[in-house]
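Rule-based calculations on the coordinates, nothing more; no lab input. Keep in mind it's a predicted model, so treat the numbers as computed, not measured. Every residue, glycine as well, gets a Cβ built from its backbone with ideal geometry; the counts of neighbours run over all protein chains shown.
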Amino acid sequence: MVAFNAVTKQVGTKILYSNGSFQINPGDKIGLVGPNGAGKTTIFRLIMGEESPDQGTISKPERVRIGYFSQNIENMKGRSVLAEVLASGGLDKIVDQIKHYEERLQDPELGEDEMMDVVEKYGALQEQFEAVGGYDVEPRAAAILGGLGFSNEDMQMDIGQYSGGWKMRASLAKILLLMPDVLLLDEPTNHLDVESIVWLEQWIRDFKGSVLMTSHDRDFMNRLCSKTIELSNKQITVYGGNYDYYDKERQIRKEQLIAAAKRQEDMLAKEEEFIARFAARASHAAQVQSRVKKLEKIDRIEIPPEDRAMDFIWPEPPRGGEEVVKFEKLGKTYHLSDGRDKNVFNNATALVKRLDRVAVVGVNGAGKSTLLKIITKQTEASSGTCNVGPSIQLGYFSQNSLDLLNPNNTILQEVEQRVPNASMGSIKSLLGAFLFSGEEVEKKISILSGGEKSRVILACILSQPVNFLVLDEPTNHLDIKSREVLLKAIKEFPGTVMMVSHDRFFLREITTRVFEIDKNHLTTYDMTYPEYVERVHHN
């Protein structure tokens, strides 16, 4: 279907991969993994023909249809969400052309030659239209949008009114509607809630074409991929299994490589010792020369450097009281600009106890972040009470925290201002643990990626001895390895955690209690996340 043949690609002075090969076969579901900057997005751009390899070739059948979902969304406005999706791939124009030729075919004055030309063009358009679902295209578009979280009312609204996250969903719907032969998905689960991720999983599982995807969602990769392609250390390596298989097999291969390197090192040491001992003896000249030539021909085994990942060290927090946060009959209503009131939730009552690990779950817009904002005093409740224990030291991470960073500061200046009592040595050690070392600490906030900004904020929270962590989507923008280190850190955190996350692996590993917000109502479950999922049949 699609084949990379001995491809080398360089960006500036950096070689992304050298002499790399792999194939996408019909029906393949492949995960593409590797550290940030390894060239995953470049793989997609090479397949799409947006970039060219420096060496090697990329072959694909002439008529293969490829759909590419990227994180760069186009400017969309002036049409309803549904109309925007139906316009994907020029579907709206195809429909208009089909209608035009249908009218032409009814023209009694149409000549025989012209009639044949119209029939041929009409047939080609029909074939093209049927390939993407034909006259079922509108109900399919509505079904896809529904699966991605849009209500029937939402679909009729101007897409220009939506946030970037919801436009991303519409952009994903446009690609899925086209039903290509090969689907390229660059982080499709970003901005999706758990329900939408589960729906997308099922859609991809049922999809007959091939899929090549990147995702920071470990569960998503495990459930769908039967092959994993790793980009690392300028190499492309293919593994015949899902992410868990790749993770274990990669470690096995690394241990084997280390053992082979040790054997080679021992052998080289013996050869070099022989050469040094007998180099001056004429009687051994031939043997010495033979061994020198042998050593020159040997390919030295190189152990690749470890991919850097975050390493957290928690400061010892003060021991808080048994009651961390208590709220009773809590309600929140927003007054909208058009004069209407939006009721988020009401009569929410719960008690969070010391060392609880609480997952706050619910569909997008249910009020999860709003609840955390009330607890952290970022917004006021409309009714009821919310009290945080008097000995509780709170650390709060939210996506809005990224917007509070000063774009004119360097990373070092930002952390210095947020942690004024820390020494320069401790600040640099802290930043080093968050992958900012050497000259990187002088990078301006304005040029950082979302993941880098998240690491800056987490570093600032970590430097404080808090005993109650409130985390709103802390894993957004973090790659899988960094998520795993954050997961390990939270497991070891000697305090209370309350969080919103769409990463099911994360929730499954941490959660001891679940607070569900659904239809303006809060329900508490004293159970782990997997037990909750089984109880309410969410998966």
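Remarks
- Stokes-Einstein, applied to the Kirkwood radius of segment 196-322 over Cα pairs at a viscosity of 1.306 mPa s and 10 °C, places its translational diffusion at 79 µm² s⁻¹.
- Here the 3J(HN,Hα) profile of segment 182-196, calculated from phi with Karplus coefficients 6.51, -1.76 and 1.60 at θ = phi - 60°, is 10, 10, 9, 10, 9, 6, x, 8, 4, 6, 9, 7, 4, 4, 5 Hz, Gly and Pro shown as x.
- Under 20 Å from a label point set 7 Å out along the Cα-to-Cβ vector of M48, the amide N atoms of segment 139-182 belong to 164-182.
- C-alpha center-to-center spacing [segment 310-379, segment 131-178] in angstrom: 31 Å
- Compactness of segment 323-536, taken as the C-alpha radius of gyration over 2.2 N^0.38 Å, stands at 1.07.
- Subset of K326/K519; K167/K368; K40/K444; K262/K297; K14/K491 violating a 30 Å alpha-carbon distance limit: K14/K491
- Inter-site label distance for I258 and N421 at 7 Å from Cα along Cβ, in nm: 4.0 nm
- Beta bridges per DSSP, both residues in the chain: antiparallel share near 55 percent.
- Using θ = phi - 60° in the Karplus curve 6.51 cos²θ - 1.76 cosθ + 1.60, the 3J(HN,Hα) couplings for segment 203-209 round to 4, 5, 4, 7, 5, 7, x Hz; x is entered for Gly and Pro.
- Helices in the chain, meaning DSSP H runs of at least 4 residues, each add -39500 (n - 2.57). Divided by all residues, the mean residue ellipticity at 222 nm is -12500 deg cm²/dmol.
- Cleavage-rule hits, trypsin sites (Lys or Arg not before Pro), segment 204-296, DSSP coil, Cβ neighbours within 10 Å at most 10: K208, R281
- Residues M179, M116, sorted so that the one with the fewest Cβ neighbours within 10 Å comes first: M116, M179
- Length gained on full extension, Q23 to N233: 73.6 nm, using 0.36 nm per residue less the C-alpha separation.
- Segment 441-481 and segment 189-204 have Cα centres separated by 25 Å.
- When you restrict to C-alpha pairs under 8 Å that are six or more residues apart and normalise by the size of segment 270-378, the relative contact order lands at 17 percent.
- Cα gyration tensor shape of segment 47-205, rounded if a/c is under 1.5, else prolate or oblate by comparing a/b with b/c: oblate
- Segment 323-536: antiparallel DSSP beta bridges as a percent of all, rounded to 5: 55 percent
- Here's how it looks for V325: its modeled amide H is under 5 Å from those of V352, G389, which are all 5 or more places away or on a different chain.
- Centre separation in Å (Cα based) which lies between segment 66-87 and segment 239-280: 50 Å
- Using the Cβ-Cβ distance between S337 and I298 with R0 set to 60 Å, the FRET efficiency from 1/(1 + (r/R0)^6) comes to roughly 0.25.
- Segment 198-267 shape via C-alpha gyration tensor axes, a/c threshold 1.5: prolate
- In this label model, H100 and E316 are separated by 7.8 nm, measuring between points 7 Å along each Cα→Cβ vector.
- Cut-off under 5 Å, modelled amide H: who pairs with S382 long-range: G331, K332, T333
- Over segment 323-536, Cα pairs under 8 Å with separation of 6+ residues give a relative contact order of 28 percent.
- Sequence-separation-based contact order of the chain, relative, with Cα cut under 8 Å and 6+ spacing, percent: 15 percent
- Shape call, segment 245-297: gyration tensor on alpha carbons, a/c limit 1.5: prolate
- Scaling the Cα radius of gyration of the chain by the globular reference 2.2 N^0.38 Å produces a ratio of 1.19.
- Mean projected area of the convex hull spanned by the Cα atoms of segment 66-150, taken over all viewing directions: 7.3 nm².
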